[in-house]
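**Student:** I have a structure I would like to understand better, so I am pasting it below and will then ask my questions one at a time.
What follows is calculated from the coordinates using simple rules that are stated; it is not laboratory data. Owing to the predicted nature of the structure, the values given are computational and were not obtained by experimental measurement. As a convention, Cβ positions derive from the backbone with ideal geometry for all residues, glycine included, and neighbour counts pool all protein chains shown.
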Amino acid sequence: MPSFSSSSSAKLQSCHPDLQELFYAVIEEYDCSVLEGHRSPERQQQLFDEGMTKTLNSNHLHDPSRAVDVMPYPINWDDALEHHKFATKVYQKAIQLGIKVRWGGNFKSFFDAPHWELL
């Protein structure tokens, strides 16, 4: 059974308890890595300046974070099929747990595969 690395666990701990519950359930069946949870305003500005995000008003800025970036492991940014398979699993778990989330892969403005946020 897969489990989070200490780095992924630490990042997930900076997130809302519902996101923690969801992704601890997901990792039991689908190997994944947490890339980022809570962000400082400076980190958000850096990502905005680099074109990695389209907003300075992110759910990552809440404490605890209402957003998390998670990718299936091993990470392959170009594997669209794997992104969608992972998203399906996350949505299935979210429904089972009664947690309402939105996936960045469904954003109209840009495709943000690792992004998950609470509704």
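**Student:** How many of the residues in the stretch 23-58 are surrounded by fewer than 20 Cβ atoms within 10 Å (Cβ to Cβ) and assigned to a helix (DSSP H, G or I)?
**Tutor:** 11
**Student:** Scan 22, 47 and give me the residue that is over 14 Å from the mean Cα position of the chain (by Cα) and either among the aliphatic types (A, V, I, L, M) or within 19 Å of residue 9 (Cα to Cα) (or both).
**Tutor:** Numbers: 22 fails: over 14 Å from the mean Cα position of the chain (by Cα).
So the residue among 22, 47 that is over 14 Å from the mean Cα position of the chain (by Cα) and either among the aliphatic types (A, V, I, L, M) or within 19 Å of residue 9 (Cα to Cα) (or both) is 47.
**Student:** List pairs: first in the stretch 89-115 and under 20 Å from residue 33 (Cα atoms), second part of a loop (DSSP other than H, G, I, E, B) and among the small types (Gly, Ala, Ser), Cβ under 7 Å, 6+ apart or cross-chain?
**Tutor:** 104/113; 105/113
**Student:** Counting only residues that are closer than 21 Å to residue 62 by Cβ and touching a residue at least 40 places away in the same chain (Cβ under 8 Å), how many does the stretch 9-25 have?
**Tutor:** Keep residues of the stretch 9-25 that are closer than 21 Å to residue 62 by Cβ, which gives 9-24.
Within this subset, residues satisfying the condition of being touching a residue at least 40 places away in the same chain (Cβ under 8 Å) are 11-12, 14-19, 21-23.
Of the residues in the stretch 9-25, 11 are closer than 21 Å to residue 62 by Cβ and touching a residue at least 40 places away in the same chain (Cβ under 8 Å).
**Student:** Pick out the one residue from 95, 75 that is more than 13 Å from residue 114 (Cβ to Cβ), among the β-branched types (Val, Ile, Thr) and surrounded by fewer than 15 Cβ atoms within 10 Å (Cβ to Cβ).
**Tutor:** Numbers: 75 fails: more than 13 Å from residue 114 (Cβ to Cβ).
Within the list 95, 75, the selection yields 95.
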